[in-house]
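The values are calculated or read from the model by the stated rules, or taken from the named source; none is laboratory data. It should be emphasised that the depicted structure is a prediction, and the values quoted were computed from it without experimental measurement. Please note: Cβ atoms are built from the backbone with ideal geometry, for glycine as well, and neighbour counts cover all protein chains shown. Areas reflect the complete protein model, heavy atoms only, side chains present, ligands, DNA and RNA absent. Shrake-Rupley method; radii C 1.70, N 1.55, O 1.52, S 1.80 Å.
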Amino acid sequence: SNLWCLFSHSVDKAWKELSNILSGIFCASLNFIDSTNTVTPTASFKPLGLANGTDHRLLRYAVLPREVVCTENLTPWKKLLPCGSKAGLAVLLKAERLFHSSYHSQAVHIRPICRDASCLAVSWELRQTLTVVFDTFSSGQGKKDWSLFKMFSRTLTDACPLALQSKVYVDISPKNKEKELLEVTPAPTSVHEAIVQGDKRTYAVYDLLSPSLFNTSRSLNVQLKWKRPQDSSELPTPVLHAQRYVSGYGLQAGEISTLIYNTHPYRAFPVLLLETVPWYLRLYVHTLTIITKGKENKPSYIHYQPAQDRRRPHLLEMLIQLPASSVTKITIQFERALLKWTEYTPDPNHGFYVSSSVLSALVPSVIAMKDVDMEQSPLFTSLFPSSDGSSYFVRLYTEPLLVNLPTPDFSMPYNVICLTCTVVAVCYGSFYNLLTRTFHVEEPNRGGLAKRLANVIRRFRGVPPL
């Protein structure tokens with residue numbers, strides 16, 4: 001037991017140092033990560049790369065659900081790139097355009113990898129990803145046409161000299177087996193077909209390292225135009241998706257509900273659910289229910305670590321089997337705690353955030369997949385890893401929750417302070433002056449030589465004396 005305490009303390013100390021270092025590097029508020037929002041998952045996460053350790057006690061997972069990405073985080077993030085934002089694809093990273101988009105996300109992944117085939121030397125791999133979603137339909141007066149200049153207010157001029165690969169992929173997959181109704185300009189250097197998350201996709205590829213790309217013009221402005229107006233068609237539903245919400249009334253009890261959808265027509269698969277709930281929501285674990293198609297769905301693996309007030313959050317991990325074409329509803333009731341008045345945020349009536357649930361699963365593919373060579377398609381194998389030809393790994397994060405807690409009337413301390421200050425200043429101050437002030441009768445002073453001389457002069461001038 002003593003060895004475990006020392007081991008856990010050393011890991012927590014290293015975790016705190018890491019969060020503070022990353023907070024300084026990326027100008028983010030990661031220094032607010034502490035024991036109250038950190039958990040040790042047992043099955044949902046594992047070390048990536050060459051890490052041989054499988055001991056889950058080495059892992060730490062923390063979420064700041066209220067953290068918002070801003071330009072202060074983007075600037076140091078761009079400085080980690082080999083060419084910064086001076087050349088290559090990073091030229092498009094203009095903060096004014098990126099942060100006016102519908103969605104943006106930054107990520108940094110660090111892992112140890114083999115430097116050569118024999119793996120005698122180990123290197124550290126730094127991977128930076130930036131995800132941005134532009135709503136071109138609303139910003140383009142109802143048109144779906146777009147271009148790099150319209151979205152980023154910039155165009156590509158050259159590749160980063162330090163880059164071994166610099167490509168732009170444009171999805172030109174035909175829908176409903178119709179004729180191609182879109183065109184991209186300029187003509188792509190090549191066309192690539194890939195299986196992305198169980199769906200066959202066709203991509204137009206622009207290789208910035210190709211010498212023929214910048215022969216016609218000094219800049220690359222990829223444009224996509226539709227040959228005829230398109231009707232608003234619904235996006236395809238993913239095989240695995242989820243949503244989460246909080247229900248109940250009043251400020252005492254409530255319920256957290258999670259809906260997990262499996263839209264695969266004939267394949268069932270398990271999903272690993274990770275729930276992290278703050279300590280000020282008292283979970284009633286005996287009320288946990290998992291319902292699928294009107295029947296109880298018992299998890300094959302469950303791990304629960306109860307919270308400790310002001311020390312650690314709740315941790316709940318479950319392995320749930322999802323039948324084909326089903327909706328699984330997971331509910332658990334909770335009770336709201338009353339915080340100390342110093343523990344409330346500056347805007348307590350806005351509410352308190354509950355971090356997202358994490359879903360990890362090997363999702364079966366709807367169509368037949370084939371093994372993809374790493375050299376042919378390095379982009380999709382790194383962003384969308386697949387275990388074999390029939391499934392692919394997916395990790396989903398649901399939306400965070402906003403929960404209202406019992407909030408005292410913070411205007412009352414202000415009123416008490418104002419009333420107390422008024423009573424002290426007016427009543428007690430006047431009473432204290434009456435008790436302690438002494439009065440002295442001063443004899444009238446006739447004045448000195450200067451005053452008498454001034455009165456003589458004033459008398460000659462006909463002016464009243466002083």
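With respect to (1) outside any helix (DSSP H, G or I); (2) open to solvent by 60 Å² or more (accessible area, probe 1.4 Å); (3) more than 30 Å from residue 360 (Cβ to Cβ), the lone exception for residue 433 is condition (1). Of the numbered criteria (1) out of contact with any strand residue (DSSP E or B) (no Cβ under 8 Å at 6 or more places or on another chain); (2) surrounded by 14 or more Cβ atoms within 10 Å (Cβ to Cβ), the one residue 66 fails is (1). Checking the range 1-18 against the condition returns a match, with at least one residue being assigned to a loop (DSSP other than H, G, I, E, B) and within 27 Å of residue 305 (Cβ to Cβ).
Every condition in (1) farther than 30 Å from residue 366 by Cα; (2) hydroxyl-bearing (Ser, Thr, Tyr); (3) open to solvent by 70 Å² or more (accessible area, probe 1.4 Å) holds for residue 245 except the one numbered (1).
Yes/no per residue for (1) open to solvent by less than 50 Å² (accessible area, probe 1.4 Å); (2) on the phi < 0 side of the Ramachandran plot; (3) basic (Lys, Arg):
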position	(1), (2), (3)
27	no, no, no
31	no, yes, no
39	yes, yes, no
49	yes, no, no
71	no, yes, no
96	no, yes, no
102	no, yes, no
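Condition (residue is out of contact with any helix residue (DSSP H, G or I) (no Cβ under 7 Å at 6 or more places or on another chain), hydroxyl-bearing (Ser, Thr, Tyr) and modelled with pLDDT under 95) applied to the range 328-341: is it met by at least one residue? No, the range 328-341 contains no residue that is out of contact with any helix residue (DSSP H, G or I) (no Cβ under 7 Å at 6 or more places or on another chain), hydroxyl-bearing (Ser, Thr, Tyr) and modelled with pLDDT under 95. The residue list 75, 40 contains one member that is of a type in the set (Ser, Thr, Tyr), more than 25 Å from residue 401 (Cα to Cα) and at pLDDT 85 or above, which is 75.
Taking (1) under 27 Å from the mean Cα position of the chain (by Cα); (2) closer than 30 Å to residue 285 by Cβ in turn, residue 249 satisfies each apart from (1). Filter the range 319-368 for residues that are closer than 14 Å to residue 258 by Cα, among the hydroxyl-bearing types (Ser, Thr, Tyr) and buried (at least 17 other Cβ atoms within 10 Å of the Cβ) and give the result. Within the range 319-368, 328, 355, 356, 357 meet the criteria.
Screening the range 354-396 for residues that are modelled with pLDDT of 80 or more and of a type in the set (Val, Ile, Thr) and picking the one that is nearest to residue 319 (Cα to Cα) gives 358. Among the residues in the range 397-405, are any at pLDDT below 90 and in contact with a Pro (Cβ under 8 Å, 6 or more places away or on another chain)? No, the range 397-405 has no match at all.
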